[in-house]
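Encoded as structure tokens, the structure appears first; notes follow it.
Values quoted throughout were computed directly from the atomic coordinates according to the rules given, and no laboratory measurement underlies them. Everything numeric here is computed off the predicted structure, so don't read it as measured data. Neighbour counts run over all protein chains shown; Cβ positions are idealised from the backbone, glycine included.
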Amino acid sequence: MSITARKERQKEELKGKILQAAKALFMEKGFEETSIRNIAEKIEYSPTTIYLYFKDKDDIFHALHTEGFVLLNQYFRPLAHVSDPFERLKAVMKAYINFAKENGEFYDLMFIINSPMKSVEKEAGEWEEGKRAFEFLIGTVGECIQRGYFHGMDAEVVAFTLWSMVHGICSLEIRNRCSVVSALNQEDLANKATGVIQEILERMHSKPQ
């Protein structure tokens, strides 16, 4: 291995080490208590070293946010083979909820905390990671429209509306805002609520167009 290749590998290894430390601190302490300084302390480097790899804290959390979307898309990938688009749509909503419940901290970072989006705004870039997941949803809704669902509606608007509804369910559950619901219904509440959305969509389709 050449000296240049070795240095590049060492650079990537240190960058990965920084992200692992940031992720561990974020999971343990939350966003506000995770700083460049305590990330540096965890990996036993100076804060200056971290700035060689990341512009600021927002840049670090954008990298973690990207990792979260890679994971989310892994939840979606097997569903591409579901031939019936409406069944796929229902499966996507369930997979989204499962992801949120199983990866609450990541979900918080990806869809609630503003820091990663600040990094996108600073670079005047697009939200590529979110766009990829959203386009899968739009494509599924588009196929549903071709089958007669959501008659006369715009696929992008329908997709955004469904995402908003399921996101609301996930956010309320992750942020512990469901105590107003009776104890009887709190068990598996997110999936119950999504089932209501699915039932409404099915009834809409069954009505004469």
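What to note about this one:
- Of all residues in the stretch 26-55, those that are more than 16 Å from residue 13 (Cα to Cα) have Cβ atoms under 6 Å from Cβ atoms of residues that are among the β-branched types (Val, Ile, Thr) and surrounded by 12 or more Cβ atoms within 10 Å (Cβ to Cβ), 6 or more apart or on another chain, in 26/34; 31/113; 36/50; 47/36.
- Of the helices (runs of 4 or more DSSP H) entirely within the stretch 111-183, those holding at least 3 residues that are under 16 Å from residue 100 (Cα atoms) and touching a residue at least 24 places away in the same chain (Cβ under 8 Å) occupy 128-146, 155-174.
- Contact map, the stretch 75-100: residues that are assigned to a loop (DSSP other than H, G, I, E, B) paired with residues that are hydrophobic (A, V, I, L, M, F, W, C), Cβ distance under 6 Å, separation 6+ or inter-chain. Pairs shown: 82/91.
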